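Q: Just dropping this structure here.
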Amino acid sequence: MKNEGKFKKFIYIVLLGVTIFIATFSQEQIAVASFAYILIWTGYNIIKNKKISKLDIFLTIISGIGFAILMLAPGNEIRKQAPSSANFYQMPFLQRTGKGIAETLIGNFAEYNKIFQFFFFGTALLFGIKNLQKNTGLKSLNILNLISTSGIFLITFIKEQGYFKFAYNIFDNPIYKVGITLIALMQLGLIAYSITIYLWNRGTKSLAILFWCAIFSQGAMIVAPYFPVRSSLIFEYLYNLIGIVIIGDIYSEGNNQIITSCLVIPFLVLCIFNSAEITKGYKDNSFVNEENNQKLEIVSEKIKAGENITNITLKKLPNANYSGAQPYQENSDYILWWIKAYYDLPLTEIDIQYE
């Protein structure tokens, strides 16, 4: 029995190491979140236990190796040389950072993820209310957070583009935009404070750390030259695990079950319709994507075989909401460079048109 227990523990550690390595080696945002989680949890264990365990050392090394391999991959330098990235990296550091922060804020809270915004700011309000009721944390910060988050929630409900994009674009003045960005960061800082102290005092320290790792996953996008729509998904997936905690806690209190159900059921119905719309959107574009892909692969093979081709005509995707950035869309012509690089097409000798 003793040997069997050791064997199970060994298998557990191996599987844990493999999954952590895969996470830190997979994608930049996931890598940042995973590596940060290991580092923060290891640091917490050292402070709490006044020593570091062999498991913490093992996981830190494994995650560090995966993270380093991903960050030092040759593809990162290739992306920096792309036309869409060159101008960004030539900016002064402060200007580049400010642009990255603003685009990351707008990208995470935009018109395409309004349902998530209602969930995020709605649950943030619930965290703040419970902190006040339980007298958790500083009362002044809790009150300020509730006032701020209520305003954000209201503007998010009224304005189609969401709070941050709406506020950022009211005036086209650099100083104003810097000021709005700083205010938005302070407002999100209040929300982060509220959620963290609730989860920490609740005894779910691992969830508090996970919440911050979700934030770090978006912090990684500050140094990126642009913010793809999909980049917000990492934060959304991780925060769903956090937001459901406060709903479950309120529901379990007994007297609030009917109220909670009245809030959750409509939200779930919206989620079902949203999922159906997303599925339909990608299905609408699937046939055209496959046709364009096949045409580009054939042209690539013909050019490699020596055939002289100077023009390709592709079809536009029928559903722009689920197309991602396309070359024929405004300020997205840089995608042509990536298409040509991906299909190994001449960068200057061939022209791609859409009909």
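The values are calculated or read from the model by the stated rules, or taken from the named source; none is laboratory data. Since the model is a prediction, treat every value here as computed from it, not as a measurement. As a convention, Cβ positions derive from the backbone with ideal geometry for all residues, glycine included, and neighbour counts pool all protein chains shown.
Q: Of Ile272, Ile197, Ile246, which residue is in contact (Cβ under 8 Å) with a residue 24 or more places away in the chain, over 30 Å from Thr97 (Cβ atoms) and of a type outside the set (Ser, Thr, Tyr)? Reasoning before the result, please.
A: Details: Ile272 fails: in contact (Cβ under 8 Å) with a residue 24 or more places away in the chain; Ile197 fails: over 30 Å from Thr97 (Cβ atoms).
Only one candidate qualifies: Ile246.
Q: Then there is this: Pairs only if they're at least six apart or on different chains, beta carbon under 9 angstrom, first in the stretch 148-172 and closer than 14 Å to Leu125 by Cβ, second assigned to a helix (DSSP H, G or I) and among the β-branched types (Val, Ile, Thr); list them, first residue then second.
A: Listed by first residue and then by second, the contacts come to Ser148/Ile191; Thr149/Ile191; Ile152/Ile191; Tyr163/Ile152; Tyr163/Ile155; Tyr163/Thr156.
Q: When the residues of the stretch 173-185 are filtered to those that are in contact (Cβ under 8 Å) with a residue 24 or more places away in the chain and more than 16 Å from Phe120 (Cα to Cα), which remaining residue is surrounded by the fewest Cβ atoms within 10 Å (Cβ to Cβ)?
A: Looking only at the stretch 173-185, we keep the residues that are in contact (Cβ under 8 Å) with a residue 24 or more places away in the chain, and these are 177-178, 181, 184-185.
So of that shortlist, the ones also more than 16 Å from Phe120 (Cα to Cα) come out as 177-178, 181.
Values: Lys177: 18, Val178: 14, Thr181: 20.
Ranking the candidates gives Val178 first.
Q: Looking at the stretch 146-201, which of its residues are part of a helix (DSSP H, G or I), more than 30 Å from Lys134 (Cβ to Cβ) and among the β-branched types (Val, Ile, Thr)?
A: From the stretch 146-201, those part of a helix (DSSP H, G or I) are 146-158, 163-168, 174-201; that's our starting set.
Still in the running and more than 30 Å from Lys134 (Cβ to Cβ): 158, 165-168, 174-182.
Passing the criteria: Ile158, Ile175, Val178, Ile180, Thr181.
Q: Which helices (runs of 4 or more DSSP H) does the stretch 1-119 wholly contain that include 2 or more residues that are surrounded by 13 or more Cβ atoms within 10 Å (Cβ to Cβ)? Show your work before the answer.
A: On the way: elements: 2-26, 28-49, 54-71, 74-81, 83-89, 93-108.
Of the helices (runs of 4 or more DSSP H) lying wholly inside the stretch 1-119, those with at least 2 residues that are surrounded by 13 or more Cβ atoms within 10 Å (Cβ to Cβ) span 2-26, 28-49, 54-71, 83-89, 93-108.
Q: Please pick out the residue among Pro266, Pro327, Pro318 that is within 29 Å of the chain's Cα centre (by Cα) and without any contact (Cβ under 8 Å) to a residue 12 or more places away in the chain.
A: Values: Pro327 fails: without any contact (Cβ under 8 Å) to a residue 12 or more places away in the chain; Pro318 fails: without any contact (Cβ under 8 Å) to a residue 12 or more places away in the chain.
Pro266 is the lone residue from the list that is within 29 Å of the chain's Cα centre (by Cα) and without any contact (Cβ under 8 Å) to a residue 12 or more places away in the chain.
Q: Being crowded, with 16+ Cβ neighbours inside 10 Å and either modelled with pLDDT under 90 or part of a helix (DSSP H, G or I) (or both) is the filter; apply it to the stretch 290-315 and report the residue that is farthest from the chain's Cα centre (by Cα). So that I can check it myself, show each step before the final result.
A: The first filter runs over the stretch 290-315 and keeps only residues crowded, with 16+ Cβ neighbours inside 10 Å, leaving 292, 296, 299-300, 303, 312, 314.
Still in the running and either modelled with pLDDT under 90 or part of a helix (DSSP H, G or I) (or both): 292, 296, 299-300, 303.
On the way: Asn292: 28, Leu296: 31, Val299: 35, Ser300: 34, Ile303: 38 Å.
Step by step, filter the stretch 290-315, then rank; the result is Ile303.
Q: Can you pull out every residue in the stretch 183-239 that is under 16 Å from Phe35 (Cβ atoms), β-branched (Val, Ile, Thr) and over 9 Å from the mean Cα position of the chain (by Cα)?
A: Ile209, Val223
Q: Could you look through the stretch 76-102, keep only residues that are outside the structural domain of Val178 (by TED's automatic domain parsing) and of a type in the set (Gly, Ala, Ser), and pick out the one that is modelled with the lowest pLDDT?
A: Ser84
The rows are residues; the columns are (1) under 30 Å from Ile106 (Cβ atoms); (2) modelled with pLDDT of 85 or more.
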{"residue": "Ser232", "(1), (2)": "yes, yes"}
{"residue": "Asn240", "(1), (2)": "yes, yes"}
{"residue": "Gly243", "(1), (2)": "yes, yes"}
{"residue": "Ile247", "(1), (2)": "yes, yes"}
{"residue": "Ser252", "(1), (2)": "no, no"}
{"residue": "Ile258", "(1), (2)": "no, no"}
{"residue": "Cys262", "(1), (2)": "no, no"}
{"residue": "Pro266", "(1), (2)": "yes, no"}
{"residue": "Val269", "(1), (2)": "yes, no"}
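Q: Given the conditions (1) under 17 Å from Asn108 (Cα atoms); (2) surrounded by fewer than 20 Cβ atoms within 10 Å (Cβ to Cβ), which single one is not true for Ile191?
A: Going through (1) under 17 Å from Asn108 (Cα atoms); (2) surrounded by fewer than 20 Cβ atoms within 10 Å (Cβ to Cβ) one by one, Ile191 breaks only (2).
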